[in-house]
Structure formats: C-alpha cells, structure tokens
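Right, one structure below, let's go through it.
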Amino acid sequence: MRALLFDVFGTVVDWRTSIAREVSEICGPGVDSYRFADRWRSLYQPAMEQVRSGGRPFTRLDVLHLESLRTVLSEFEIDLDADATTALNFAWHRLEPWPDSVPGLTRLRTEFVVAPLSNGNISLLLDMAKNAGLPWDAILGAEPVQAYKPMPDAYLRTADILGLRPDECMMVAAHNSDLAAAADCGFATAFVARPLEHGPTQTFDLAPEAEWTYSADSIESLADRLNC
C-alpha cells in the first residue's frame, strides 16, 4: 500500500458535537441543538442521491448542505437572516477532530500518502484541515472526481489521480458500507470504530461487519498496526 484514503465526516472529525455547538451559538440555547444536527445530517444521503441517480448535475456539498439547512430551519421554525444562515452552513468547514486523528495521521504520513476521500468539496475540506490541523498530503474526494461515494468512480478516479492502482490504496472509514464499496473497487480496507459518531444511542457501525484488512479502535491504533 502506498496511500491511505480517509472518510472524513465521522471517521476523522466529530461532526455531531461540532454542529450542535454551532447551532446552539447561532440559533440560541432554546433549540435542541443535537436533534437539529441529527436532522440536518439525515438529509445528507438523500441530497447526494439526487446527483448519484442523475437527477441533477454534480453539485458541491456546500450547496447541498445549504439547501438541507433551509429545510431544517423551516421545520424547527427558526428565522435566520442570510448572513447567519451562511455562517451556520459553514460550520461544516470548522468541524473538530477526534482526539486521536491528528496524532494518528501525523504518524501514518511518515510511511504513506494520507488524503481524504470524502464527499466534502475541496474548499470545505481545506478549511477544515486548516482549522483542525489535519496533516493531509493532498485534498481529494468527490469534487475533483465529480462523483459521490459509494459510486465506484469516487474510489477509482481518486486512485488514478494519485497515479496508483486500486490495490495500492487503502480506504479508512468508520462506516462498513463505505469500506464495502471500496473493497469492491479493489482497495484494501481499514475499519476505525467511532461508536459515538451519532451519539450515545448509536446502534450501527459499532464493529466491523466483514473481514476488512485491518480493524482498529482509533487512528493511532491503526498506526500501531502499520508500524508507524
């Protein structure tokens, strides 16, 4: 393997806590900020499915997030002006990493290329990396390849951009479905458990559901397994 390609939302960063904090700051303490964050996130896959199905041309995740945000604000009967709405939408650019992410990535990049293979657009991932100190070697993912995971092109075109064969790449994710799609494309796979991604009542992706190449409870543990 030459490159480790990471899912970001949930695997590298704690989106739920980060979004809930900003919802509370921008919308006020009277809003159930975690319920708001969960509802916003629930619209993530349906929004991308419109693109994957060919129902609309490729659209940056920032735009999809904004459309979903307007829906959730309406459902919660929250009235924000345009500037506040934009500021809240850009909360996805400011997500905080899990405690092991930065030290783990720092260790892994001593031996491998490390990069996101995320559905986030480039400016989102770049801002997030600057804010969180994520030491990526490159910013890759859906926007440069014009395909959202789990479409095969999302994985195969990313490997091609790096000049690598699929078997020279490993997908690292906290989501079994992401790893299954990557494995179907010939990638090696590493499951990193994030049992609190969706809060204390999470019932799925608590453990590996297949014989992935590696399984770890943190990115630092994965670095241990890879002798970094």
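The values are calculated or read from the model by the stated rules, or taken from the named source; none is laboratory data. Quantities reported herein were computed from a predicted structural model and do not represent experimental measurements. Counting neighbours? That spans all protein chains shown, and the Cβs are built from the backbone with ideal geometry, glycine included. Calculation scope for accessible area: heavy atoms of the full protein, side chains included, ligands and nucleic acids excluded. Shrake-Rupley method; radii C 1.70, N 1.55, O 1.52, S 1.80 Å.
Yes or no, residue by residue, for (1) open to solvent by less than 20 Å² (accessible area, probe 1.4 Å); (2) in a loop (DSSP other than H, G, I, E, B):
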{"site": "A138", "(1), (2)": "no, yes"}
{"site": "Y155", "(1), (2)": "yes, no"}
{"site": "D167", "(1), (2)": "no, no"}
{"site": "G199", "(1), (2)": "yes, yes"}
{"site": "T203", "(1), (2)": "no, yes"}
Conditions (1) open to solvent by 50 Å² or more (accessible area, probe 1.4 Å); (2) modelled with pLDDT under 95: number failed by L126: (2)
Among (1) in a helix (DSSP H, G or I); (2) surrounded by fewer than 17 Cβ atoms within 10 Å (Cβ to Cβ); (3) of a type outside the set (A, V, I, L, M, F, W, C) - the single one E220 does not satisfy: (2)
Filter pass, A129 being assigned to a helix (DSSP H, G or I) and in contact with a Phe, Trp or Tyr (Cβ under 7 Å, 6 or more places away or on another chain): yes
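So if I check each of P29, P46, which one is of a type outside the set (D, E, K, R), modelled with pLDDT under 95 and out of contact with any strand residue (DSSP E or B) (no Cβ under 6 Å at 6 or more places or on another chain)?
P29
Among the helices (runs of 4 or more DSSP H) confined wholly to segment 1-120, which include 1 or more residues that are of a type in the set (S, T, N, Q), open to solvent by 20 Å² or more (accessible area, probe 1.4 Å) and under 23 Å from T158 (Cα atoms)? Reasoning before the result, please.
Values: elements: 15-27, 33-42, 44-52, 61-75, 82-89, 101-108.
The qualifying helices (runs of 4 or more DSSP H) are 44-52, 101-108.
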Tally, over segment 193-221, of residues that are among the aromatic types (F, W, Y) and farther than 16 Å from M170 by Cα: 1
